[in-house]
Structures are given as C-alpha cells and as structure tokens.
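Written below as structure tokens is the structure these notes are about.
The values are calculated or read from the model by the stated rules, or taken from the named source; none is laboratory data. Quick caveat: nothing in here was measured; it's all calculated off a predicted structure. Here the Cβ is made from the backbone with ideal geometry for all residues, glycine too, and neighbour counts use every protein chain on show. What goes into the accessible areas is simple: the full protein's heavy atoms, side chains included, and nothing from ligands, DNA or RNA. Shrake-Rupley method; radii C 1.70, N 1.55, O 1.52, S 1.80 Å.
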Amino acid sequence: RGVGVLAGACAGGGVQRGRAATALQRAAARVQPLGAVRLRSSSAEEDMDPKIKDLVDQIASLSLLEAAQLTDALKERLGISDAMMMPAAGAVPAAGATPPPAAEEAAAPEKTAFSVKLEKFDPASKIKVIKEVRALTGLGLKEAKELVENAPKEIKADVKKEEAEELKEKLEAAGGTVVIE
C-alpha cells in the first residue's frame, strides 16, 4: 500500500522531480519493506489468471524507486496525464481501475440554484418592466421601480433553472435585458 501511495504521489506531481529521491528515502524509512508486508489472499485472488497473479507479485516486490519508475513508464506508455493521477495519490486504486476519460473532462457538479439579474432595460418600456418585476417578485410599486431604475440588480436568487429561464423570458418580453448567473 505504501508503494502505491508514494508512487502515485510522485507520479501525480505531489513531489517535485529534484526532491523526489529525498522524499522517497524519507518515506522508505517510515514504511515497511514490501517483502515484510503480508498480503491478504482473497477469493478474487484465487480466481485470478496465473499471469496476472505473477504480475501482481512482481509489482509487489518492487522497491519504492522502482515503483515510481514503473508509474512514470506506464503513464507515458498509456498516455495518462498527471491530472488523472492526482486522485490516486491518496489511495491505491483497484487493480485494472483506470479513470474514464469522461470523468476527467467532467466539470464541477451541475449548478442547481441560479440568480436572475436585470442588466438594463429599454427606457420606452420602463413601465412594462416595472409591472413585470412587481408581478414576479411580489414587491410594491416603489420597491419595484427602485429595483428597475438601479439596474443592474438581482431580481431573484436561488431559483431553479426552469424558473430562472421563465423569469428571463417574461422580463425580456417586457423590454429588459436579463442575465442568469
């Protein structure tokens, strides 16, 4: 386990190349040699192809430096970037588990709460925009007028995407320019 963590950290950019050997030496002093670690055998290991079992044994017998070199060579051969290796730095991935490319390209979780902001309005349709803001927000005439006149201003916050789109349509129909954030 220690080798996978250290190899993943070195390969993932967690340690700068100039200090990689020093970091590996310090870590090796804190980690048991792989030969001393008793690997648990499981039913999955018994069902494993002998070729795979031999490969696992060979990898488990590598020194920390050799494991780091193996990681670098595999990354280069398989075209795996450092960004893909970063999540693996904290834990050893399951055998044969490689992150799918779609997961790498996936952005932050989908946004669920939006704000509707009135950027500006057509002066000729100011009254229509004020009426629409009143209807959508429940504000009084004075508050709605101040809100419209002080554009850009947030009309509603923390609304669902569908509701935000609906508010945008209505305000633009009345003559306003609206942005959903």
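If the condition is being at pLDDT 90 or above and of a type in the set (Ser, Thr, Tyr), then segment 124-152 contributes only Ser125.
Of the residues that make up segment 89-108, is at least one of a type outside the set (Gly, Ala, Ser), in contact with a Pro (Cβ under 9 Å, 6 or more places away or on another chain) and at pLDDT 90 or above? So far as segment 89-108 goes, no, none of its residues is of a type outside the set (Gly, Ala, Ser), in contact with a Pro (Cβ under 9 Å, 6 or more places away or on another chain) and at pLDDT 90 or above.
In segment 147-168, what residues are assigned to a helix (DSSP H, G or I) and open to solvent by 90 Å² or more (accessible area, probe 1.4 Å)? Within segment 147-168, Lys161, Glu162, Glu166 meet the criteria.
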